[in-house]
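Just dropping this structure here.
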Amino acid sequence: MPRRHPPFPTRKIAILIATMIAPLSVAAEEKSRSDTTAETIPDTITVTATRAERSSAEVPESIAIIDQTRLEQENMTNIADALKGTPGVLIESTSGSYSSRMIVRGAGLKAQYGIREIMVLRDGVPITDPDSFTRMDFIDTQDIEQIEVSKGPGNIYAAGSTGGAIHIISKSVFDDRRDQLRLGAGEFGQRNLHLRKSYMSEEGNALAITASHRKADNEWRNHNDFESNQFSIKGGLLPSDNSELETEFSYTKAQLNLPGSMSESQFEAYKHTGKQTDNNDAFKNSARNSEIFFFNSRLNVDLGALTLKPRVYYNHWSHFHPVTGVINDTPGVDIWGTDLELAYDHNLVGKDSLVSGITYRQDRNIGAQKYAYADIVTAGPALVSTLSSRKGELLEEQDEINTVHGFFLQENLRPNDRLLIDAGFRFDHISVEQKTWNSDTAYNYGMGGYLTVPGSGGNSEMKHSFDLFSPRIGVSYKLNKNLTLFGNIAQGEQVPFASELESNSDLKNSVSRSVEVGLKGRAAAWQFDLNAYVSEVEDEIINVRTNGESIYQNAGSTDKKGIEFSGALEVFKEQLPGALSLGFNYAYSDYTYNEFSEVVYSMGPPSNFDRSGNQLPFVPKHYYSINANYTHPSGIKARLQADSWGEYYLDNANSEKYGGYDFVTSVNIGYTKGPHDVSLNIQNLFDKRYAVEAQKDTSGDKTFTPGAPRSAMLSYRYQF
């Protein structure tokens, strides 16, 4: 039977958007006609939406950019520090380290940890696996120039992802203005050391060396410390007057302990004491320790109207990862790929351009092993507690190969100075191959212990392939020098990842189709982005939690509607020395199951429950953030941000809500004089006790992951 695609829901938002933007358009048009003074209109350049340099205002989709000024005001233990407050992006660190959980317009919700369904790139290289899982271990957060967030399906970078793309752009080897020494120390054993030194020849060739060390004891929770050491060397060559070659090699060694979540009674105790002394799990020694080698080389050759941008990359990582039930020991994953891109400037209807290319990538995970825990306490057949992460009996050996073949094309048309039209698509063929040997012993989630069934083990194979088509058309129209109207229609397809297919081999890839319209405003003293979207997702992959086990199912269809606003305004320009700006970000998210029959597993046979019409769990209807930024001519500067996360349902059954949190506040106070910069960063200023994540499984058990208590960190930076 052919797949039924949901229709584009244009009629649902037409009246809403017309009502929303019409008054703004008229008011700004009148202001523009009356304003005859020259005005410099600042904006940020982005490449993530279209693979071409554009000002953010003219990109015909919702995009958020976190620039260097903002990054320097954050602790940057992980990218969550920078992305908090971005409308449409829900991100929290569940362990107080580089590990983050991220949701973009509902994509990524099925993940129990980490980032899934969202393509994350570093300098154009995908660090998201073909099956959509992203590991952030080797991202040096001190070596970031800019982070760009493109939201929604149909992104030209995003192979097999419906949530859009997060592009982390590191400091260029050709930029010697970023050389620095940075030292930081703070509460809970926080330590941060970063050094960058670059060298430039008279011919323009360049070399940059960076080294970073981060550590935190995080003793407010048991088993919650982490440490990472990173080194990279970048080389830049100018082979000719029209070409540029940039190459990077980096090494990361990271150790991360995972403290686990709490029961309801443990969470109540935490709210009184500010400490988590135990978790709600028998597995007390979860961790993820990794070692990563990364190589990336990219070449730009300008041939006039034609620009060639080939890229090759290689990544080797290994990790030791004790989790629920098993100890994962992965000796080495080899990832190599290429992205052969070309850009062609032409004059079809105006100053137009075409971007096209092919993608190839293969991930080879050979010899991955899973072990039982050796040191355990049991009560009958049930495992009560682990005592260490020492490996016991071998439970599984597996070889896995994931391969991506892709092609992308996008035509950018400029009929006149006001109108821009983008039309393009990606097509990706993704294959997943597994060969697995299992012993007769496995961890049984229902029993809560290891169970041996003679003859149940043996060899098995799994092969799946998916053809994913992601078209998109977007239009932006400049109403006047301050306002730009935009809209886009897009489709994205999400591939199931390998562990989901192991849980349910009948899973289908989900298809998301969306319509988005909005208005962007840019002026010297203010800017804003306002948009609304409707997405209908067919066969959304849903995570059902039963007795601590994740079982994945396809929902029939899901309806996602939202409004997002982000704005900043400079105030008291005549009354205050320096500059003071106020910002407000808001997201409204209404996500419901149109058709979903949830299969609930218990000690008896599985049962079906109709969840149609229910809200998706974890995603609040209202999320908002306020911020204030001040700089004084003397070098004093300050930033304050407060984030609020509205109430949300704990489960697919919508049986109970968690109240979220209000105004969790961070503040940064600094002083810059010449090459010296001193700053004090305080997280959770008012020491609120709250949960960054609350869940309820089908058996009724609730778990809570606490937000970090108040902490302060003092940093010093010397700019070479």
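Please work out if S470 is farther than 27 Å from A57 by Cα and either hydroxyl-bearing (S, T, Y) or surrounded by fewer than 16 Cβ atoms within 10 Å (Cβ to Cβ) (or both).
Judged against the criteria, S470 is not a match.
Quick one: in region 453-485, which of the residues that are hydroxyl-bearing (S, T, Y) and at pLDDT below 95 is farthest from the chain's Cα centre (by Cα)?
S456
Among the residues of region 478-499 satisfying the criterion of being in a strand (DSSP E or B) and among the polar types (S, T, N, Q), which is nearest to D422 (Cα to Cα)?
N488
Filter region 239-277 down to the residues that are of a type in the set (D, E, K, R) and out of contact with any strand residue (DSSP E or B) (no Cβ under 8 Å at 6 or more places or on another chain), then identify the one that is surrounded by the fewest Cβ atoms within 10 Å (Cβ to Cβ).
Top of the filtered list is D241.
Here is a check on your reading of the model: is K561 within 30 Å of G521 (Cβ to Cβ) and free of Cβ contacts under 8 Å to residues at least 60 places away in the same chain?
Working: within 30 Å of G521 (Cβ to Cβ): yes; free of Cβ contacts under 8 Å to residues at least 60 places away in the same chain: no.
No; evaluated as a whole, the condition is false for this residue.
Which numbered condition in (1) buried (at least 16 other Cβ atoms within 10 Å of the Cβ); (2) not in a strand (DSSP E or B) is the only one that R298 fails?
With respect to (1) buried (at least 16 other Cβ atoms within 10 Å of the Cβ); (2) not in a strand (DSSP E or B), R298 is out only on (2).
Does region 606-618 include one or more residues that are in contact with a Gly (Cβ under 9 Å, 6 or more places away or on another chain), at pLDDT 90 or above and within 30 Å of A498 (Cβ to Cβ)?
Of region 606-618, the ones in contact with a Gly (Cβ under 9 Å, 6 or more places away or on another chain) are 612, 616.
Now drop any that are not at pLDDT 90 or above, which leaves 612, 616.
From what's left, within 30 Å of A498 (Cβ to Cβ): 612, 616.
Yes, region 606-618 contains a residue that is in contact with a Gly (Cβ under 9 Å, 6 or more places away or on another chain), at pLDDT 90 or above and within 30 Å of A498 (Cβ to Cβ).
Turning to a different aspect of this structure: Run L303 past the list (1) touching a residue at least 60 places away in the same chain (Cβ under 8 Å); (2) crowded, with 20+ Cβ neighbours inside 10 Å; (3) not polar (S, T, N, Q) and report the number of the one that doesn't hold.
Here L303 clears every test but (2).
Go through region 600-624 and give me each residue that's in contact (Cβ under 8 Å) with a residue 40 or more places away in the chain and assigned to a strand (DSSP E or B).
Within region 600-624, V600, F609, Y623, Y624 qualify.
Within region 386-405, is even one residue under 20 Å from S290 (Cβ atoms) and under 25 Å from the mean Cα position of the chain (by Cα)?
yes
For the condition of a type in the set (K, R) and free of Cβ contacts under 8 Å to residues at least 40 places away in the same chain, what is the one hit in K478, K520, K463, K508?
K463
While we're on this one: Could you check L308 against (1) part of a strand (DSSP E or B); (2) touching a helix residue (DSSP H, G or I) at 6+ places or on another chain (Cβ under 8 Å) and say which number it fails?
(2)
Now a separate question. Could you count how many residues in region 413-426 are over 27 Å from the mean Cα position of the chain (by Cα) and either charged (D, E, K, R) or buried (at least 16 other Cβ atoms within 10 Å of the Cβ) (or both)?
Residues in region 413-426 being over 27 Å from the mean Cα position of the chain (by Cα) and either charged (D, E, K, R) or buried (at least 16 other Cβ atoms within 10 Å of the Cβ) (or both): 6 in total.
So which residues in region 703-720 are more than 16 Å from T77 (Cβ to Cβ) and buried (at least 20 other Cβ atoms within 10 Å of the Cβ), if there are any at all?
Selection gives T703, F704, T705, P706.
Among residues belonging to region 641-678 that are loosely packed, with under 15 Cβ neighbours inside 10 Å and out of contact with any Ser or Thr (no Cβ under 9 Å at 6 or more places or on another chain), point out the one that is farthest from K696 (Cα to Cα).
So the residue we want is G674.
Something else about it: Give K673, K702, K688, K657 a once-over and let me know the one that is more than 21 Å from the chain's Cα centre (by Cα) and without any contact (Cβ under 8 Å) to a residue 12 or more places away in the chain.
Exactly one of K673, K702, K688, K657 is more than 21 Å from the chain's Cα centre (by Cα) and without any contact (Cβ under 8 Å) to a residue 12 or more places away in the chain, namely K657.
Only strands (runs of 3 or more DSSP E) wholly contained in region 625-696 count here; list those with 3 or more residues that are at pLDDT 95 or above.
636-645, 661-673, 676-683
Further question on the same structure: Go through (1) on the phi > 0 side of the Ramachandran plot; (2) surrounded by fewer than 21 Cβ atoms within 10 Å (Cβ to Cβ) and name the single condition H213 misses.
It is condition (1) that H213 fails.
Cβ-Cβ distance below 7 Å, separation of 6 or more or different chains: which pairs start in region 343-360 with a residue that is within 14 Å of G124 (Cα to Cα) and end on one that is outside any strand (DSSP E or B)?
Within 7 Å, the pairs are T359/A159.
Residue check: is Y624 over 25 Å from D701 (Cβ atoms) and buried (at least 20 other Cβ atoms within 10 Å of the Cβ)?
yes
Of these, L181, L195, which one is within 26 Å of N289 (Cβ to Cβ) and surrounded by fewer than 20 Cβ atoms within 10 Å (Cβ to Cβ)?
Details: L181 fails: within 26 Å of N289 (Cβ to Cβ).
Being within 26 Å of N289 (Cβ to Cβ) and surrounded by fewer than 20 Cβ atoms within 10 Å (Cβ to Cβ) holds for just one of L181, L195, which is L195.
Another one. Here's a check for you: in region 322-370, which residue that is among the aliphatic types (A, V, I, L, M) and assigned to a loop (DSSP other than H, G, I, E, B) is modelled with the highest pLDDT? It would help to see each step written out before you state the result.
Taking region 322-370 and keeping what is among the aliphatic types (A, V, I, L, M), we get 323, 326-327, 333, 335, 340, 342-343, 348-349, 354-355, 358, 366, 368.
When the remaining residues are screened for being assigned to a loop (DSSP other than H, G, I, E, B), the result is 323, 326, 348-349.
Details: V323: 91, V326: 95, L348: 91, V349: 91.
Residue satisfying both the conditions and the ranking: V326.
Find the residue count for region 486-520, including only residues that are over 22 Å from the mean Cα position of the chain (by Cα), farther than 22 Å from R472 by Cβ and either surrounded by 24 or more Cβ atoms within 10 Å (Cβ to Cβ) or at pLDDT 95 or above (or both).
Here the count works out to 0.
Residue by residue through region 383-440, note down the ones that are part of a strand (DSSP E or B), without any contact (Cβ under 8 Å) to a residue 40 or more places away in the chain and of a type in the set (D, E).
Of everything in region 383-440, those that are part of a strand (DSSP E or B), without any contact (Cβ under 8 Å) to a residue 40 or more places away in the chain and of a type in the set (D, E) turn out to be D399, E433.
The values are calculated or read from the model by the stated rules, or taken from the named source; none is laboratory data. Here the structure is a predicted model, which is why all the values come from computation and not from measurement. Cβ sites come from the backbone with ideal geometry, for glycine too, and all protein chains shown count toward neighbours.
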